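To start, the structure itself, in structure tokens.
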């Protein structure tokens, strides 16, 4: 079955060129010209990957990332004319999986899209698992939701992925570099400090009782545990 690609870009020439290249490679493609149209196309077309221009009318790429549904969320590659690390980090924090700065080589975009599809495919087994439950903490990987004692906890996409990785493999010690590769999946310019920041945020959101599920392994990285005791 052909993989579905949604191209959201308000420059017709660029969108047409990308669409042509992906169709030639066997992808099923649709195009949106603004942020609102992109969100509507995500619901109707259900793409596997969204190629998302940052600077678009009505809703920019960051706003689109914020409004993407948690369940059935496509992989996201940001396309931007800005070469500003702040913009790139913001996009990744909002759940984008990768980014390319315009102008780019279409062959690199195809390669990054195929790499993202492979990562998404490798995560399907976890997505179909019933979830993780520890001492009142319930993580549903199918709906990408987290609750403690029935009360929902709002997590960013990367916070959710990091939590599932650590608690899904309890007592497995991950280095910061491993976590960057497995959760962010790209050469992330933000450095390993971003892992520490995300763990700190997760502990705060989980609260004092459940924060202990995420343990620091000094000099190495982090691990999750399957018990509160």
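When DSSP beta bridges are restricted to pairs lying wholly in the stretch 1-81, around 0% turn out antiparallel. Neighbour counts of C-beta atoms inside 10 Å place 5, 14, 153 in the sequence 14, 153, 5, starting with the fewest. Here the gap between residue 24 and residue 215, fully extended at 0.36 nm per residue and compared with their Cα-Cα distance, gives a gain of 64.0 nm. Here's the picture: a label point sits 7 Å out from the Cα of residue 171 along the beta-carbon direction, and within the stretch 192-229 the residues with their amide nitrogen under 19 Å of it are 212-218, 221-229.
Inter-part distance, the stretch 159-186 to the stretch 19-58, computed on C-alpha centroids, equals 29 Å. Taking 0.36 nm per residue of separation and subtracting the Cα-Cα distance, full extension of the segment from residue 14 to residue 203 would add 63.8 nm.
Taking the longest Cα principal axis of the chain as reference, the axis of helix 106-122 is set at about 30 degrees.
For the chain, the relative contact order is 14 percent, taking Cα pairs closer than 8 Å that sit 6 or more residues apart in sequence and dividing their mean separation by the residue count. Using only the alpha-carbon atoms, how far is helix 35-45 inclined from the longest principal axis of the chain? Give it as 0 to 90 degrees, nearest 10. Rounded to the nearest ten degrees, it is 80.
When a/c reaches 1.5 or more, the comparison of a/b and b/c decides; with that in mind, is the stretch 4-122 rounded, prolate or oblate per its Cα gyration tensor? Verdict is rounded for the stretch 4-122. Of the residues 30, 113, the one with the fewest other Cβ atoms within 10 Å heads the list, and the complete ranking is 30, 113. Sorted from longest to shortest, the spans of the Cα atoms of the chain along the three principal axes equal 59, 34, 32 Å. Taking Cα atoms only, the orientation of helix 12-24 departs from the longest principal axis of the chain by about 80 degrees. Counting only DSSP H runs of at least 4 residues, each contributing -39500 (n - 2.57), and dividing by the residue count of the chain, the helix-based mean residue ellipticity at 222 nm comes to -12500 deg cm²/dmol. Take every DSSP beta bridge with both residues inside the chain and express the antiparallel ones as a percent of the total, to the nearest 5. Counting only bridges with both partners in the chain, antiparallel ones make up about 45 percent.
Only the coordinates and a few stated rules stand behind these numbers; no lab work does. Predicted model only: the values in this text are computed from it and were never measured. FYI the Cβ positions are ideal-geometry reconstructions off the backbone, even for glycines, and counts take in every protein chain you see.
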